[in-house]
1. What is the fewest-to-most order of A:Y371, A:Y284, B:Y39 by other Cβ atoms lying within 10 Å of their Cβ?
2. Taking only Cα atoms of the stretch B:306-454, what ratio of Rg to Rh do you get with Rh as the Kirkwood inverse-distance radius?
3. Return the Cα extents of the stretch A:91-202 along principal axes one, two and three, sorted largest first, each rounded to a whole Å.
4. Just want the ordering: A:C252, A:C434, from fewest to most Cβ atoms lying within 10 Å of their own Cβ.
5. Along the charge dipole of the stretch B:307-454, pointing to its positive end and built from +1/-1 on Cβ of Lys, Arg, Asp and Glu, which listed residue (B:A406, B:T367, B:S320) has its Cα farthest out?
6. Quick check: convex hull over the Cα atoms of the stretch A:194-302, volume per residue in Å³, rounded to an integer?
7. Going 7 Å from the Cα of A:A75 along its beta-carbon direction, which residues of the stretch A:27-69 have the amide nitrogen within less than 15 Å of the resulting point?
8. Stokes-Einstein D for the stretch A:87-141 at 37 °C, 0.692 mPa s, Kirkwood Rh over Cα pairs, in µm²/s?
Amino acid sequence: MTITSSPLTDLVHVASLRGASYADARRVEREHEVVSVKDGAVESVTRTSDRGIGCRVLHEGAWGFAATDRTDEAALHGLIDEAFRRARASASVQRRKVTLAPIAPQRGEYRTKPARDPFSVPLAERIDHLREVDAKSVGPNIKTRRSSVAAYRTQKRLVTSEGTDVAQEIVETGAGLSVLAVKAGRKPASRYDSRLVRQAGWEYVEHLDLVARAQRYRDDAEATLDAPLAVERPTTLVFAPEFLALLVHESCGHPTEADRLLEHEVAFAGTTFMWPKDRGKLRYGSPHVSMTADATVPGGMGTFGWDDDGVPAMRTKLIDKGIFVGYLTSRETAGALGVPVAIGSARAEGWQHFPIVRMVNVSLDPGTTPYADLLRGVDSGLLLEAPASYSLDEKRQNFHFSTQSARVIRGGQLEGYVRGVAFQSLTPDFWGRCDGVADDWELHGFLSCAKGEPLQLMRVGHGAAHARFRDVPIEARE
Amino acid sequence: MTLLGPDRILTPLQEALRGSEADEADIHVHRRRSAITRYSHSSIHQNAVSDETRATVRAIVGRAVGVVSTNSLAVGDLRRALADAAALARASRPDDGWPGVADPEPFGSPQAFDEATGRADAAAQSGHIARVVARVPRTMRAAGTHQIELFEDAVANTRGVAAYAPATMAYLRALVLGETSGSGYAEDLAWRADTLDPEGVAERASGKASLDGDRMRLEPGEYEAVFEELAVAEILRIMSITGLGGEQVREGRSFMSGRTGEKVTGERFTLSDDALDPRTVAIPFDVEGTPKRTVPLVERGIARGPVYDRGSAKAAGARSTGHAADRSRYAPGGHAANLTMAGATATREELIGAVSRGILITRFHYTNTPDPRAATMTGTTRDGTFLIEDGKITRALANVRYTMSALDLFAGIELLGPQRLARDWWSSNGMGSIVCLVPPMKVARATITGSSPL
């Protein structure tokens, strides 16, 4: 083989000639800039870039994958050799062959269209903005203040032996804020957000109004520091969209990943409690609860033109009026389950990673009730604004969450704070207590959903609105 | 990937640094071949290898710092990265806490490197998995991972630091599931692939799976408990990420804040960070080029102090202990990643035999910390949770949720077994990077706060 100006096409062509029943080659280039400020001073200014090629072959019914950041001819020859060696080794310990659900060949381009490219914003402007934000975080007991802005660009091209050839450029912009309040004799109080990220340009940072947000986080942390301990009892909880985004991620997104059914993740990430026999029958939540996977949501961190199988962006229902109805699938998992690809969710973090089933944008569908009306329906309860610690079992059924900020609701109005609030529950029991979802749906983004071996940190999106849950037993801990 | 070795890595770094316009600069290089074979239903389903290089360049201009990373070691690319980093620094603001780049110091010889392990190929990995699968009873199925890592790290800076070390890691895990029973888990971790024991791993995991039938739910409460090595490693991880770094202590977030020299837990608990132990997987210097030192963290229950990188050491008026971590994964401030917890000689039978009524915990899943300052961990158990009565395992239990301060847990240590190399759940797939030499232990009291369904 002589590598030409189109090494991806060459790699796939050679793999086919050598007997691969399917092959793909994916080139990915990533760049990333982060500016962070701590306590008024620049903490770091970082620019990261990497690029490389990954090649996947299906041979003797088994996968082999090899990736390199070298692009010389010898390295690319070695890539094919190594992918075949890996496939043959896989085939030597195999009881069921891989079959891929069919898709039509795809061609085209997908690009994020930022209003203002975040990489073009002068560093001085970014630093000055963060210092302004930092100044608003200062408070009498605030010990540590951090803020950051980040820009990400990913360019990738995928060529497959079935005729797919697609190119994508994705630009993302995000911000982070955190304050830590410390006072003698009190438990430290943190307020932070690292999920303010969107497939968009600098305009998203402006939309966030970090200055106002910083003041709010400072006030929350200061108030939580001196707040009374919550009372342990079954309580009506209203969750802010920011909190629910994580609950949806952990308790619906993960258990509907179809590779968990095949036990691909059983030794690490775990399995699920939502099995094929339960589809259309299992009551996951109350009739107020519907959830959708959608790779087409504008601005979503799980939005793309095609997944890394080359499947075009789609949307599908996962939970319909409380009933479990769908999975996130790849071509391989759909093939194993004998179903068509309902949504392409095969995604790889970078060129060095094998695509596995990941979330796209998985969201709680909005309701029709205004948020104020939802609150008015609470005589006595708590508004939980943002998660702190969270922990789940390997089936995504038994979970424990604590909160950074818990506000007291009395007579439908917010008044004061309590501290130390946490709750543990079982997924269907928790979502079964939902008696209302507001209409104030908003989109959140996560940068680092962890799954796979070697670890892959995936960008995913989650939309949610305020929602109300009745009689949730809460814990109160110092 | 073949190792480049010290000269082929350090020479381009030094050449690039010679032309730097910055006041100071350093470059950390991490090259890695990661080969992972994953299996489920006793069948390999994923088989991937990747070769990658990352060079992280820091340039300092007038105490302002710029950082650029690239995956090329070509001198021209490194020079470009240095120039870009210097440009970022010039556009940035001075860091009054900047401690300067490291001075050259001798460091220990690399010990965690085995050439044969670095050469292990796809067939060798699938061969180990075939041996696991062959040893698992026919009524059961196995899933897991075989991983070989070959890596080399190097640091060079404008003060003359020139450090290089290679390392290898070999890892085999098996989760065995029965058709009518639950699951059992075992793993081996080492820096030599020839010390992995596929049959032993299969038998340990199968043995637990065969016991995991007819589960019962345990009522929340306080129980005597035996924590196996992986479960203890999980607790140590929580201590590390919440309280063993110099910056955490300075900011008041650590259990050690204001308590150095005080008794914080029981006398049977002694913990150090020791990257120089020949049994562990480690590079003998950190990403700033400072030699790693052995740091006593807690001695017989008394807090002795944290680990430091250069920045947190300067802020505390201390000296770096060589614990600067990969900046792409950990916040600055010192990271304890080679934990050694003192053990003793109790056998597994003795640990279990000492329990009147309690539980045995094999490992945890997805732990977190609702109260970092108290090093409190919550998490559910998995793949081998058993009721112990009168010194014997009597029943399988549905997974339980454990929530407790590590300090309270370790205050109740009654017996310790011998140390073993292990990683917590997060580190086992690379989300963390902590490696522990850790014993199993029998404790007087573990707090169980809930149970998963049967």
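Values in this text are rule-based calculations from the coordinates and carry no lab data. All figures in this text were calculated on a predicted structure; none of them were measured in a lab. Neighbour counts run over all protein chains shown; Cβ positions are idealised from the backbone, glycine included.
1. A:Y371, A:Y284, B:Y39
2. 1.02
3. 63, 41, 19
4. A:C434, A:C252
5. After comparing all options, I get B:S320.
6. Measuring per residue, one finds 193 Å³ for the Cα hull of the stretch A:194-302.
7. A:27-30, A:49-55, A:66-69
8. So the translational diffusion coefficient is about 182 µm²/s.
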